[in-house]
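Q: One structure, pasted below without further comment.
The values are calculated or read from the model by the stated rules, or taken from the named source; none is laboratory data. Computed from a predicted structure; not experimentally measured. All Cβ positions, even for glycine, are placed from backbone atoms using ideal geometry, and neighbour counts span all protein chains on display.
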Amino acid sequence: MPATLLHTHRVEKPWGRHDLWPGFDDQPQDQPAIGEIWFQEPGDTRPDLLIKYLFTSQPLSVQVHPNDEQAHERGLPRGKDECWNILAARPDSTIALGTHEPVSKERLKQGAEDGSIEQLLDWKPVKAGDFLYCKSDTIHAIGGGLTVIEIQQNSETTYRLYDYGSDRELHLTDGIAVADPVPYVPITSPGDAGDGRYVQVEGPKFVLERWRGGTHQVALPAGVTGWLVPIKGAGEVAGVAWSAGQCITVTGTETVTASNDADLLFAYPGTARMAL
């Protein structure tokens, strides 16, 4: 199929919320909070990328992910680079990325054990419209009060370093082994590509573009899948209608038609390049 509308999978989380985002029904108050909405069945490692919405009321754990090489050494299909488009944020919302200064693995372990890791991390204020790329091996923690679209390599491998005194399992040996406890260096966005397209990320793990409404051409190499994520608006591709809060996979050469008010993300693996 040249275009497929993906099913959603709601994931309950203790740090989640009941008020979600336009395009999604709010969670009933008498049911567990929703922290994530996946456009894929959990555990399916076949696609290169995974698309999620995150709804946070409290900070997530301090964590780190392996890179491709480290993942392969453990028999895993891939590492986990990820990025976040911030859709909404409380005035006090933050995301921790990297450390204030380089620290040793020994100091990192001590901080994870005694809680001082919270002071080692660089907690950055975030607001609606911000974009952050978090490469594998970066220590990070997403704060509370955020609505986020996460585009990531399709991996569920997370090493939890610290969880604010909860009884959830930590993974200090594996996590500290793959972590690079240094200050965060933001990527440089390629920027405006014309025709209503803005390139947020250009490889190596994936390409991510943000599109305005109108008509856009998709021209992916054979065997390569792209993910269309409409934040606002509605439209059609290859006979499949879509609207905000959905996700559509696209293959081959197709035309995406979007309403004038549309705000779209389009992602595909970094090993491919669209022929535009």
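Q: Which residues, taken from the stretch 1-42, are under 17 Å from the mean Cα position of the chain (by Cα) and of a type in the set (S, T, N, Q)?
A: THR8, GLN40
Q: For the stretch 1-14, indicate whether the set of residues that are assigned to a loop (DSSP other than H, G, I, E, B), more than 22 Å from TRP227 (Cβ to Cβ) and not aliphatic (A, V, I, L, M) is non-empty.
A: No, the stretch 1-14 has no match at all.
Q: Where in the stretch 178-260 are the strands (runs of 3 or more DSSP E), entirely inside, with at least 1 residues that are surrounded by 20 or more Cβ atoms within 10 Å (Cβ to Cβ) and touching a strand residue (DSSP E or B) at 6+ places or on another chain (Cβ under 7 Å)?
A: It comes to 197-202, 206-219, 225-232, 234-237, 240-243, 248-251.
Q: Which of the residues spanning the stretch 45-66 are surrounded by 22 or more Cβ atoms within 10 Å (Cβ to Cβ) and among the hydroxyl-bearing types (Ser, Thr, Tyr)?
A: TYR53, THR56 - these are the residues of the stretch 45-66 that are surrounded by 22 or more Cβ atoms within 10 Å (Cβ to Cβ) and among the hydroxyl-bearing types (Ser, Thr, Tyr).
Q: Do we find a residue being over 16 Å from the mean Cα position of the chain (by Cα), within 18 Å of TRP21 (Cβ to Cβ) and surrounded by fewer than 16 Cβ atoms within 10 Å (Cβ to Cβ) anywhere in the stretch 261-274?
A: yes
Q: In the stretch 44-67, which residues are polar (S, T, N, Q), over 12 Å from THR158 (Cα atoms) and at pLDDT 95 or above?
A: Those that are polar (S, T, N, Q), over 12 Å from THR158 (Cα atoms) and at pLDDT 95 or above: THR56, SER57, GLN58.
Q: Restricting to the stretch 43-65, name every residue that is over 16 Å from LEU146 (Cβ atoms) and within 15 Å of the chain's Cα centre (by Cα).
A: PRO47, ASP48, LEU49, LEU50, ILE51, VAL64, HIS65
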